[in-house]
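Student: Dumping the structure here so I can ask a few things about it.
The values are calculated or read from the model by the stated rules, or taken from the named source; none is laboratory data. Just so it is clear, the model here is predicted, and its values are computed rather than measured. Note: ideal-geometry Cβ built from the backbone for every residue, glycine included; neighbour counts use all protein chains shown.
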Amino acid sequence: MAQESGTSRVKRGMAEMLKGGVIMDVVNVEQAKIAEDAGAVAVMALERVPADIRAQGGVARMSDPDMIAAIQAAVSIPVMAKARIGHFVEAQILQSLGVDYIDESEVLTPTDYTNHINKWDFTVPFVCGATNLGEALRRINEGAAMIRSKGEAGTGDVSNAMTHMRQIGGEIRRLTSMREDELYVAAKEMQAPYDLVKEVAANGKLPVVLFTAGGIATPADAALMMQMGADGVFIGSGIFKSGDPKRRASACVKATTFFNDPKVVGDASRGLGEAMVGINVADLPAPHRLSERGW
Amino acid sequence: MVAKNLRVGVLALQGDFREHIEALANCQVDAIEVRRVKELDSVDALIIPGGESTTIVSLAKTFEIFTPIKKRIAAGMPTYGSCAGMIMLADHIVAAKEGQETFGGLDITVRRNAFGRQVDSFETDISAPAISNAPIRAVFIRAPWVENVGKNVEVLASYEASDGISHAVAVRQDHLLATAFHPEITDDYSVHRYFLDKVCK
């Protein structure tokens, strides 16, 4: 019987299996194994975590395929990798490497300041960042099979993640209370396709899985995002830029599952050593705010 | 018919447990989320959802529900596992993380990620006459397959993979049911009905 790959159901379904989990940024095989042992549902293979991209500056690009392949060989969980916004050749390469998900990410230096990748052209699924519902729906319209709220990567400051989750959640709730004839204007105002706006209004949720990213540094941050309605969390610099990555990784996994149980989250927070130092988002000059990348 | 007052739980440590709960609701069963031993103690049957088997094992051990589940399964609790859940029910696994443990109970050998990476994931119609007269829409996501089955294991469905070999993808042994695919993310509830009507009786 006919076998169909790369359908929306297969791509979105992959993200469904990651729900309730933590996806961790790793820069080498050793970190990937620590993440897997700690219970990560997937790893994001990249050469520099966002905090280092910030500190070192320069153009941030797709990682070396050798580095990605080494991580794929080392762990049994899914391996994701990042392509620059609009850089469809980096995405083609990542697909040919057999990565399980591509993150078209604002953390890397954008390639195209007008267009994102046409993600329908690919068999591999994509996750994209969003700061509001319109942006999320534009990405889904381009074929994204998973959305993550952006936050402000590499800061350890969870305030933007909070803003974006409140924004996306608030806009969804507002749509559900509208009359059908008001949805046309809502679609116009949020610059999103009407059909997707109508679907969100009817279902009260995005048609794809919604994770949170950007600035999550503690088990409490992870639980906060889950209580805000995230399906799971991405932790970038927060783990491997901390004093005791092994314990912190495992603590964030526990807090993501038992996000509604303050005792578990509290116990997980004990004795983790130093958290990443971090930067207050408010102190970042505008050109260094990654979450403003994406159109 | 679903047995009256049957209490079904879905292991809710990680994965698509909500989709299983919705599928059960469509079969007129109100399922509960199971994360704690006291929740496990309150159910008659359990579903282990899709997700990452390594994560599920790690959380189950940390929160000390691993052994209680293993014991309940060994004592005859009707249990259904999809994808990661199939791995968790298998007595033997290959291509797994080093030292990866399972609840076990099903006398099968399962190969993890057997169909390949996500780019090789697919959906198709499969035939499982014991479950449904109509073809079942089966979604395989980084799916395992069954490599060997013990003599008491009934193969309910098989699928020919790109290696040209037909592999078992749905199996049953007494009170245990497992599928390599994810009926919970389709609107075909025949596998859940089969579990409730035939396996849980």
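Student: Is it the case, given these coordinates, that A:Asp112 is part of a loop (DSSP other than H, G, I, E, B) and surrounded by fewer than 15 Cβ atoms within 10 Å (Cβ to Cβ)?
Tutor: Details: part of a loop (DSSP other than H, G, I, E, B): yes; surrounded by fewer than 15 Cβ atoms within 10 Å (Cβ to Cβ): yes.
The answer is yes for A:Asp112.
Student: Whether any residue in segment B:148-163 is touching a residue at least 60 places away in the same chain (Cβ under 8 Å), more than 10 Å from chain A (Cβ to nearest Cβ) and not aromatic (Phe, Trp, Tyr) is what I want to check.
Tutor: Among the residues of segment B:148-163, not one is touching a residue at least 60 places away in the same chain (Cβ under 8 Å), more than 10 Å from chain A (Cβ to nearest Cβ) and not aromatic (Phe, Trp, Tyr), which makes the answer no.
Student: Still on this structure, I have one more. Which numbered condition trips up A:Asp231, out of (1) free of Cβ contacts under 8 Å to residues at least 40 places away in the same chain; (2) charged (D, E, K, R); (3) within 22 Å of A:Met24 (Cβ to Cβ)?
Tutor: Single failed check for A:Asp231: (1).
Student: May I ask you to say which residue of A:Ala201, A:Ala213, A:Ala192, A:Ala217 is touching a residue at least 24 places away in the same chain (Cβ under 8 Å) and in contact with a strand residue (DSSP E or B) (Cβ under 6 Å, 6 or more places away or on another chain)?
Tutor: A:Ala213
Student: With the requirement that a residue be at pLDDT below 95 and part of a loop (DSSP other than H, G, I, E, B), what does segment A:218-239 give you?
Tutor: A:Gly236
Student: I need the full set of residues from segment B:55-77 which are crowded, with 24+ Cβ neighbours inside 10 Å and not hydrophobic (A, V, I, L, M, F, W, C), in order please.
Tutor: Those that are crowded, with 24+ Cβ neighbours inside 10 Å and not hydrophobic (A, V, I, L, M, F, W, C): B:Thr55, B:Ser58.
Student: Do you know which of the residues in segment A:165-210 that are within 22 Å of A:Ser291 (Cβ to Cβ) and β-branched (Val, Ile, Thr) is surrounded by the fewest Cβ atoms within 10 Å (Cβ to Cβ)?
Tutor: A:Ile172
Student: Still on this structure: May I ask you to list the residues in segment B:105-131 that are aromatic (Phe, Trp, Tyr) and more than 7 Å from every other protein chain (Cβ to nearest Cβ)?
Tutor: B:Phe115 - this is the single residue of segment B:105-131 that is aromatic (Phe, Trp, Tyr) and more than 7 Å from every other protein chain (Cβ to nearest Cβ).
Student: Based on this model, can you work out whether B:Thr124 counts as over 24 Å from B:Ile69 (Cα atoms), outside any loop (DSSP other than H, G, I, E, B) and among the polar types (S, T, N, Q)?
Tutor: Yes: the conditions hold for B:Thr124.
Student: Moving on. Please go through segment A:158-208 and give me each residue that is part of a helix (DSSP H, G or I) and touching a Ser or Thr at 6+ places or on another chain (Cβ under 7 Å), ordered by number.
Tutor: Correct list: A:Asn160, A:Ala161, A:His164, A:Met165, A:Gln167, A:Ile168, A:Ala201.
Student: May I pose another question? Would it be correct to say that A:Gly215 is surrounded by 24 or more Cβ atoms within 10 Å (Cβ to Cβ) and outside any loop (DSSP other than H, G, I, E, B)?
Tutor: no
Student: Can you find a residue that is within 14 Å of chain B (Cβ to nearest Cβ) and out of contact with any helix residue (DSSP H, G or I) (no Cβ under 7 Å at 6 or more places or on another chain) anywhere in segment A:118-126?
Tutor: Yes, some residue in segment A:118-126 is within 14 Å of chain B (Cβ to nearest Cβ) and out of contact with any helix residue (DSSP H, G or I) (no Cβ under 7 Å at 6 or more places or on another chain).
Student: Right, something else. Would you say A:Ile117 is hydrophobic (A, V, I, L, M, F, W, C), touching a Gly at 6+ places or on another chain (Cβ under 9 Å) and not in a helix (DSSP H, G or I)?
Tutor: yes
Student: In segment A:233-287, which residue that is within 14 Å of chain B (Cβ to nearest Cβ) and among the hydroxyl-bearing types (Ser, Thr, Tyr) is nearest to A:Ile34 (Cα to Cα)?
Tutor: A:Ser250
Student: Okay, moving on. Looking at segment B:132-147, which of its residues are out of contact with any strand residue (DSSP E or B) (no Cβ under 6 Å at 6 or more places or on another chain) and more than 11 Å from every other protein chain (Cβ to nearest Cβ)?
Tutor: Those that are out of contact with any strand residue (DSSP E or B) (no Cβ under 6 Å at 6 or more places or on another chain) and more than 11 Å from every other protein chain (Cβ to nearest Cβ): B:Ser132, B:Asn133, B:Ala134.
Student: Here's another thing I want to ask about it. Give the residue that is surrounded by the fewest Cβ atoms within 10 Å (Cβ to Cβ), with candidates limited to residues of segment A:120-144 that are part of a loop (DSSP other than H, G, I, E, B) and not β-branched (Val, Ile, Thr).
Tutor: For segment A:120-144, the residue satisfying everything is A:Glu142.
Student: If you go through segment B:8-52, how many residues are within 8 Å of another protein chain (Cβ to nearest Cβ) and either within 14 Å of B:Ser82 (Cα to Cα) or modelled with pLDDT under 95 (or both)?
Tutor: Number satisfying all stated conditions: 10.
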